[in-house]
Every structure is written in C-alpha cells, then in structure tokens.
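The values are calculated or read from the model by the stated rules, or taken from the named source; none is laboratory data. Since the model is a prediction, treat every value here as computed from it, not as a measurement. Virtual Cβ from ideal backbone geometry, glycine too; neighbours counted across all protein chains shown.
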Amino acid sequence: MKRLHTRYLKPQLASLLLLSGGLGLHAKDIVVNTVNNVSPGAGETSLKAAIASLADGDVIKFNIPGAGPHVIVTPLGGYPLITANNVYIDGYSQPGSKPNSNGILGGNNAVIDIVLDSSPDDTLPSPDVNNPDLLVRRSTRLLYSGYGDSENAVLGVLEGDGFRVRGLAFIGRYVAGSTADPNVYAVALVKEAKNAKVQGCWFGLKPGEAYTQENIKPITDAVAAYRWRDANNQNPVYSSGLTIGTDGDGLNDVQEFNVVVGTHVAFGIEAPDLRISGNYVNVFPDGLTFADVEALLDTYLAVPNGGNDTVEFMENGRSCANTIIGTDGNGVSDGNERNIVAHPAYKHDIEFYSDASNVVIAGNYFGVGVDGTTVQPALQVKVPDLISLPGSNAQVRVGSNGDGKSDDIEGNLVYGVQGSRFVQTGLTSPIVARRNRFVDNSFTAFPFADGEDGRLYDTYYAGAILDPVAGVTPTISTVVNGIMTGTVPAPNVAKYAKHVVDVYVIDPKAADKGLNLPGKYAGSFVEGGSGDTDGADNKFRVDLRGMKIAPGDSIAIAVTYTKATTGGTPGTNSITAPLSAAIVADVPVLVPGSVESLGLTRIVSDKPIIVPDNDALGNWEPNSGVLGNSTFLIEGNTFADGTIDKQRFVVALQPVDGKAGKTVEGFYADNKTPFKGPINASRQNGNPGRVTGDKRIGATHYIVGAEASPHTLAEFGSDNRWNLGFDRLVDGRYGTVQIFNLDTTTLTPTPLMKASDSANGRRTTGTPAGNQISRFGGEVVALDNGNFLSVVQDNSRVVVTTSDAVVATIYAPDGTVVKDTWVVAASDIWSNVAAYKGGFAIRCKPQDGSGTRVIYLYDNDGHFEDTIPQNSSGSSFDTGRGDGTRIASHINSPYVFLLGKVTDAAVVRIVAWDTRDASRVATFDVSEPAFAGGFDRANLAVDALNRVTASWVSQPDGYELQQVAARVLALDGATMTFSALTPSFFPFINAAKTGDITSVGMTVAMTTKQICVAAKGQINLANKPALGAQVNANTGGPLKEINFYTVFSHPSPAEDPTISALAKPTVGVTRNPDGSLKITFTGSLQASDTLTGTYLPVAGSSPITVPTTAAAKFYRTAQ
C-alpha cells in the first residue's frame, strides 16, 4: 500500500521578483498563432510582430492551429533585430511538438512543428540606390561591424544578452554568399550579445520530409557570432558565453541537442567562453547516416557567382579562449555532451584561426555514427586534418584529463581522418592528448612528427624533459608473461611535477599503412608510482595483466608531463610526448580462479535445490532474486510428485548469512496449501520460472511466476476467475503469478493471492491461437513502492492480433491489480525487465517492430517516460530477444545496466545508462582481453550501491565443457566510470577441466554484503569436482541439469542504504538564501498542479531545489 505525505509549495512573490532582477515586471508571453507574416488577421499575432514587440524577459510561444509542421516564411526584409535582453523563443510550446528524449548516442527523435523558411529566392529592389546589389531578401541584413553586405540572418540579435532559442527548424537554400545573394545565418549574434543559447533546433532539414541528401535545405551557418569593433576598428567586443547545444547542467539536457545538416560552416564564431556540445553536424537525426559533404560542396560551387567553397564544422578566432567542444568532464551529464561530427570538405575538422588558450575537445565522435561502428564514407577529394590551432600561446586538451571523473567519456572516438596531422599548432603550444581511440587515421605521428609545421622535438619538449636532445620518446624494452619493462626520458621535475604513462593497443588499420598510432586505450601508470615495481628513476616494471590487452596485441606508450600535483593532466599546464615504438605484448591467457583465491568467503557451498533421480526434461534452469537483505530466493524446476515426465516449480529460501535454508513450492492451491502436482498441461520442458522479492530493508513479500495451467486443476478452481469469457483451452499454458508473505525467521510462506493469469486474468473475451497463450518470456520485479510488476510475452494473438506482444501488469502485494495489462510493444522478450528508483525498464523491440532493441522506461505507476535505444550503447550487442543480453538495476539507483557478449568481438561488455536523462554513463569490458574462451549467455545483478555481479558462460582453454564465470564491478555515478572489484573468477566449487563438470544458464542475486549465483549443470554432489559429475543410475551418464546455487561474500561489503519497507515517507521544505526552496524527502517524490490532480514523479534524489521561478505545485512522497 502507498503511504502518502503531501505538501503545497509555492515560492514567495518577493523571491520571484528578486530572481527576475533585470527582467523587470513587464516580462510577458507573446503567442504566435499564425504563419502569416504579411497580413495577419484580427486576433492573430505573427512572428514578425512578436519579435518587433519584444521587451526584456519576454517569451515568444506558439499556438498555431492545425497539424504541423507549420512553415513560417521569413518576410521580405527579414525580421526586426532582437535588442531586448533575456528573450526566449520556444518552438516546443507549439502543441504537437516534442523535444528529443534520446541520449546523444540514441538518435534525435524531436518533433519540431515550427519551421522558419528562408528558402524563397524572390527579392525586392535595393533601398540603397548607390548599392543596387543590396537586394531585399527573406532574411535580415547585418550591416554592422563583424558582418558585411554578403551576410544576413534569420534571427539577428543585436546587443541582447541572454538570448535563447529552442525547438525551431531553419531551412534555406544554397546561396552565392554575395551581396546580391548573401549568406543566411539562422542565428547571428551582433555586438556583444552575450550568453546566448541555441538549443534543440534543426538546421537544413524540414521536419516531416525524408531525411535524405536530396531534401537538404541548407542554411549557410547555423550560428554566427563575429567580433564587433567601433568606427576606428578599435575596442573590440565579443558575444562571449555562447552555448550551442546542451549546457550540461543536468536539466533537460537531452532536449537541447541540435541537428545541423548542409551548412557552409555550421558554427562561425569569434568569441571566448564558447561551448559546442550535443550536436549532430552533417549527420542525420538517426545518428548513423552521414550527409555527403563533398556533394554539398559541389552544389555550393555550382551556384552562379558562388563564393562558398568549403563545408565546415566550426571556426573560432580573434578571441577564443576557454572553448569547449564536447564534454566538460564535470560529472554532470557528460555522456550527453558529445558532438557527432562528419569530416568536412575542408582542410580541418576543427579550425581556430587565432591563439586559443584552454581549449578542450573531449568525448566527441568524428567520422563515425552514434553506434561507434558505422563509419562515414571516405572523402574522395578532401583530406582534412583533425585540428588546426595556430599561435604559440594556444593550449589544447584532446581527450581525457585523467582526473578520475568521466575519463572514459572524455576520450574522443576518431575514425578515418585522411589528413596527415592530428593537431596543427604553434611552435610551443602544448598538446595534451590522452585516452582517445583512433581507428584508420592517417596521422604521420602522434601527437606530431618531429619537424612537422616547424615544431622540433628538442625545443618543443625542452621544458618538460631534462635532456630532449638525447630523446623524447619512451621505450618499451620487454613484455614477458604480462610484465612490461622500459624507460622514459628523464622529466624536468622542477617544472613538471608528475608524469603519467598511458598504454595503448596500437591501431592495426594504421599499422597496415605503415603508421604507428594509438588505437584503444588500455591503462595508465605513474613511473615511480605504486604500479611501478622498478625502483630506479626513469625505469619501469609494470604488470599489464589487469589492462585491456589481449595476448599478441601490439602496444605502445605515451607520457604526459604535468605541472599539476592533483586533478589529472589539464590542458593548461601539461604536455604529451611522442608515442613509443610498438612491441608485441606477451600477455598470458587468463584462467579464472576460485572464489577463495580472491580472498572471499564461501558462505554456502554449491547446493542443489532438489536432486532428482532422473535427468531433467530440458530447459530447466534456475531464476533468483533477493528479499530485502535477508533471504535469497532461487526458483528451480523439478519433477511433480509421483511423476517422471511432468514438471513443477519450487523455490529455495536461503538466508543470506548462510543459515539453513528451506525449499518450498512455487505455487500454492486456493486453500493455501503447497501444490506439488503437475501444473503444466502442455510442454513439460517449458520455460523456467521466475522469482523476486521486495528489496526494501525488512520486506517480507515475494512473487513467483511461471508458465503453468492452473485453470485445468481443481485445486485452483475455488472461484470463477478462469470463467470470465477468455478461453484458455484444455491444454493452454500461460504466465502465472502468485505473491507470498515470508516469515523470514521460520522461512514459512503464506500466499497473499490466488494464482493468477498475469496477462489475461481479467479478460472476458477471446480465444488464443495456440496452447502457449503467454510465456515467461519476461520477468517479475519488485518496485520501490512495494508493488510488483509482471511482464510476459503474450502469444494469444488476442491482445495484438498480428504478432506476439510484450505486455505488463502491476500488482499490489495483496494481489490487487494496480494497473491492468497493457502492451509495451509488438515483440518477443526473454527476461530483460528491471526496477530502478522510481520506475522500471523493459528491453524489447521498438514500436515500429524493427530488428533492433530499445529499453522502455516507465514510472512506478506504469506511465511511459522515455526510451533508450540499445544502439546508444556504442556497442554491437545482440538484438535478439535477450537470451544472452540482459538488463538489471536496483530500486535504490537511477541507473540501468545492460550486459552481454558483443557480436563483433570475443568480449562480454557492460553499459550503464542514467534513466533520468537517458544518457549513457559508462561502458566497461567485463571479460579481460587475456580471458580466452567461447563466451555465451550473460546475466547480472546490481546492489544498492551500484556494484554489479556480472556472470557469463565461458569455455576457457583446456576445459572440455562450459563453465560459468563471474566478475564484480562498481559504477561510480559521480565520475561516470566502472572499476573492477575482482578479476574474472569461477563462482562455483564445481568447475573443472574434465569429469563432465559443467555449469550454464546462470542467474545472479546480491545484497551489499553477499552474492548468490545459481545455475544448472552437471556437478559433483560432494563438491569434489575432481571426482567427476554425479552419475544418473538410470543412464550411466552424468545427471543432467541439476539446479544448484552458491553464496559467497561481497568483495566490498557495506551497509545497505535502501529504504525500509516499514518506514513512512517524509517530505520537508526549507528556503535557501537565494529564495529557492530545498525539498528533503524519503520515498519517491511526486508533484501535481492541483491537490487532487495527477501526481507525476520528480526526477532527482533528496534534496532537490525548486527555483523561485517555478510554478506553484503540490508535492507528496510515496512509499
């Protein structure tokens, strides 16, 4: 039952006025309700009129009748320049529009219904008789310093600070860039229009049209912001503080992504403190299809008298310090701050044309799509370098600063740069380049070649290395049995206090071209630090076996010298030296050890749930969960009493501390007695059952699910629930659920409901197409409010007539249906359901039924919130129903984790997303590169502190049969990184190379102190695997598919912070000094506009801050 605590919270008016400051009392909403800019009718407000009437703080909204998209043609002469401060133009206010909800690696699904169209080519005569070419166009002339006769704007901002625009599409045409046919900039900032934000807009695409090369309608520049000087060309000012894309503040960041296609220069800037984050540039909204930039260039060049002879990503010059391109690495929304950029038809991907200090280029994808594998087709004519940063006072960091926060995200992914230079810069400008991944690039050297652009190693590194004439390149001497030795040039510690060595697997595609370039980052160490066992100065001896290096990989190292004593290697005071020569790594094959070899305690030795006399009927494998932090629940299949050919379901109840457990029945009859007979009317090797418990501390409720036929059994026929009109057939089987209360002291369960048909239990009509009416299939999970979710695959063809469907039902602990069955998608499913803080996730096909997978996000009440495309993982996970790719989470966490074997490598990988903004948080290769062996299905569990036990089926070298392997990891949400708490290991005592010992079909459950792994297999019942597997007396072969489990200690035990099932939710409010409100709460915070209205979840954990500008709300917490 929900416990609710409600408060009405309204910021004081005085606080509102104080916050508004310069906005004044006259700020107003201006609603545009017509596309007619020329002669709007009575009661109609055009965009032109709205812009003309703007005052400080005004907001332009849209409410144009009819279905969108609504195309507003720019009037001849353009719109008035915007001179007011803090103006906001909100295209997403138009009914029917919708901001993007995908993470940056998930494609852009924004629905934009307001289109500003400057594509018509009609004109009026020039108003200047002395300049007849100055024609009146459908754009605004920018006759100001910094711009010229050949430059116009759709939206021009003159001196107006704090301008913000979002939710608009800008379209135009290929122009000459001349006085008569000027360039048209979608947004142009003029004369120190500071702190503007251009967010959530599309440029060059008309919504509703197919996103193809032929349909590109280009704007010359998406954003322009050029220097202004006075009449004497003195006293320059800049439109500083510009944000293009997301600001990365953690608030609605995914709504702020821009899509820019077809521009001459996407972003033409002359301004410091620039941020370019969260943009697709010459990448279509799917994130995988690239515009043909050379075809764009050809079209520009074909314009009569055309002068636009490049297609570029960005330029910044004049005064351009503190530019961020990509992620800032501050731990807030970093994974959503990447740019996805096609290589341009130009000399460089990124161009600065003046000295630029403190430039950060991090986390971006260049030349590759959001999946990390779809490569931009190679350019045929242009061969751009990556970065141009001239001047001797420039500073640039490309990739990570290694400060322990978002380091994996900060590395850029760079594919297919055909130019020879990585960074073209001044003779003494330091380059820091760390943890990037390079694939198939053509750089002569990394970070540059000796003598390139006049830079000589001996002078360039003179400050960092004591004797650069003697050499600046580190040397790997040997790599034997995983131990690497070598030397680094002696650092000038008087100036550079620390030097960090990065280890890379070299890029084999570059090596095929005769180039020595880093490929993927493998790890780091500090020469002379704790990882270096060679005590001599400038020599190292480092163990590589914990790094991402496979036997036979070619590796190289690069040293970064830094003046910083803490905080990593920032670009302002560090420098990266050249890459060493490559060497083949002699790294031994990893064979996992035992639980005991890791120093962990075996709490429960391998224990069968039930030992049958005969081989299982097939497909009998366990499922597990945990109840509070007291009891592991392990479901198993066995023979029905008195049979050798019928199945039943049982549950092992195992106290987490290792005390004696008990095995009970999976289902209880209507009279609340255990049912041990045959419960399935067809297919006795049917799908395994499901079990999970309420994870809140002190909880006592658990749920069992299985494919069963209780409607055929008198023991389950005490009422008419099977006779409401839906035909379950004489042999139909379906996903059946039952909820129990457990006395955790005596391990005695009491059913709280009668066994129920999860998907169709309330249905009054319909006849299914076959006897497998629904199946598990899905999963049962416990939500953080104590309710249970049951997800099954409905095969009846009654719910969805044309295909199978994934359907979900929410139950209260007493069995009451909280939300009756609804369709998630027309899809199949295997497990892949997880409950997180405030909601739950279901992984299955997208709504369009295409052959991929998405993760649907719902709140606890079953309201759809968002989707996470699986391909936003950046990895090639299996797109099947989920036998080998699983998701998991914890009710104390906002993160959802996906584990599986990738399809393009022998690697088991894990990815974490943040459900609050659908952003990818971190990725980690779980199986070590040195762990060789055929990998198969994977499964995982998550504890309340975001530690993950990952398990998978392996067959290491020398093993006759498959063995379950496992590894324990930890996700740090603040730094957005995974770390390994253990190496890979065998969780079971029963792991052996011979003797018919095998384990497969594993399932995992964990608390913050204990871990349970269950599997099916062939084991030695005395836990002496060297003696071979238990023999089936009836066949003489191994006894097959024994369901068994083990429990062992957590490698990093800690107290469980999960809320108690017995605690009452609380909510409190205090006012901050700035007038905002701080809401502190336990449970799940919800808000509504009215006391009796619909309460929706509020994102974030306690406490949250409500700004003074927020509307009045009622808040409550629910347990």
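Observations, loosely collected:
- For the range 511-547, the candidate set comprises residues that are aliphatic (A, V, I, L, M) and under 26 Å from residue 927 (Cα atoms); within that set, the residue that is surrounded by the most Cβ atoms within 10 Å (Cβ to Cβ) is 542.
- Some residue of the range 1005-1022 being closer than 15 Å to residue 1043 by Cα, part of a loop (DSSP other than H, G, I, E, B) and either in contact with an Asp or Glu (Cβ under 6 Å, 6 or more places away or on another chain) or β-branched (Val, Ile, Thr) (or both): yes
- Candidate set from the range 313-367 (those that are among the aliphatic types (A, V, I, L, M) and in a loop (DSSP other than H, G, I, E, B)); member that is nearest to residue 919 (Cα to Cα): 332
- Among strands (runs of 3 or more DSSP E) entirely within the range 232-294, having at least 1 residues that are among the polar types (S, T, N, Q) singles out 243-245, 258-260, 275-277, 279-281.
- Out of 941, 970, 966, 922, sole residue that is surrounded by fewer than 20 Cβ atoms within 10 Å (Cβ to Cβ), assigned by TED's automatic domain parsing to the domain that holds residue 877 and in contact (Cβ under 8 Å) with a residue 24 or more places away in the chain: 970
- Among residues of the range 312-326 that are surrounded by fewer than 24 Cβ atoms within 10 Å (Cβ to Cβ), those with a Cβ under 7 angstrom from a residue that is in a strand (DSSP E or B) and of a type in the set (Gly, Ala, Ser), sequence gap 6+ or separate chain, pair up as 315/268; 324/277.
- So residue 1051, is it in a loop (DSSP other than H, G, I, E, B) and over 21 Å from residue 836 (Cα atoms): yes
- Selected residue (criterion: modelled with the lowest pLDDT) from residues of the range 426-459 that are hydroxyl-bearing (Ser, Thr, Tyr) and under 16 Å from residue 560 (Cβ atoms): 429
- Residue in the range 123-174 that is nearest to residue 88 (Cα to Cα), counting only those that are in contact with a strand residue (DSSP E or B) (Cβ under 8 Å, 6 or more places away or on another chain) and basic (Lys, Arg): 164
- Considering residues of the range 346-361 that are within 30 Å of the chain's Cα centre (by Cα) and within 19 Å of residue 382 (Cβ to Cβ) only, the residue surrounded by the most Cβ atoms within 10 Å (Cβ to Cβ): 350
- Residue in the range 1067-1086 that is in the same structural domain as residue 652 (by TED's automatic domain parsing) and either within 30 Å of residue 914 (Cβ to Cβ) or assigned to a strand (DSSP E or B) (or both) present: no
- In the range 864-879, the residues that are touching a residue at least 40 places away in the same chain (Cβ under 8 Å) and touching a Lys or Arg at 6+ places or on another chain (Cβ under 9 Å): 868, 869, 871, 872, 873, 874, 875
- The range 669-702, subset of a type in the set (A, V, I, L, M) and more than 24 Å from residue 639 (Cβ to Cβ), residue surrounded by the fewest Cβ atoms within 10 Å (Cβ to Cβ): 697
- Residue within the range 718-728 that is in contact (Cβ under 8 Å) with a residue 60 or more places away in the chain and surrounded by fewer than 24 Cβ atoms within 10 Å (Cβ to Cβ) present: yes
Each row is one residue, and each column tells you yes or no for (1) at pLDDT below 95; (2) in contact with a His (Cβ under 6 Å, 6 or more places away or on another chain); (3) in a loop (DSSP other than H, G, I, E, B).
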{"residue": "109", "(1), (2), (3)": "yes, no, yes"}
{"residue": "126", "(1), (2), (3)": "yes, no, yes"}
{"residue": "132", "(1), (2), (3)": "yes, no, yes"}
{"residue": "154", "(1), (2), (3)": "no, no, no"}
{"residue": "160", "(1), (2), (3)": "no, no, yes"}
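- The single condition from (1) farther than 28 Å from residue 67 by Cα; (2) outside any strand (DSSP E or B); (3) under 33 Å from the mean Cα position of the chain (by Cα) that residue 188 fails is (2).
- Members of the range 1100-1119 that are surrounded by 18 or more Cβ atoms within 10 Å (Cβ to Cβ) and assigned to a loop (DSSP other than H, G, I, E, B): 1108, 1119
- Matching residues, the range 786-799, being in contact with a strand residue (DSSP E or B) (Cβ under 8 Å, 6 or more places away or on another chain), at pLDDT 95 or above and part of a loop (DSSP other than H, G, I, E, B): 786, 787, 795, 796
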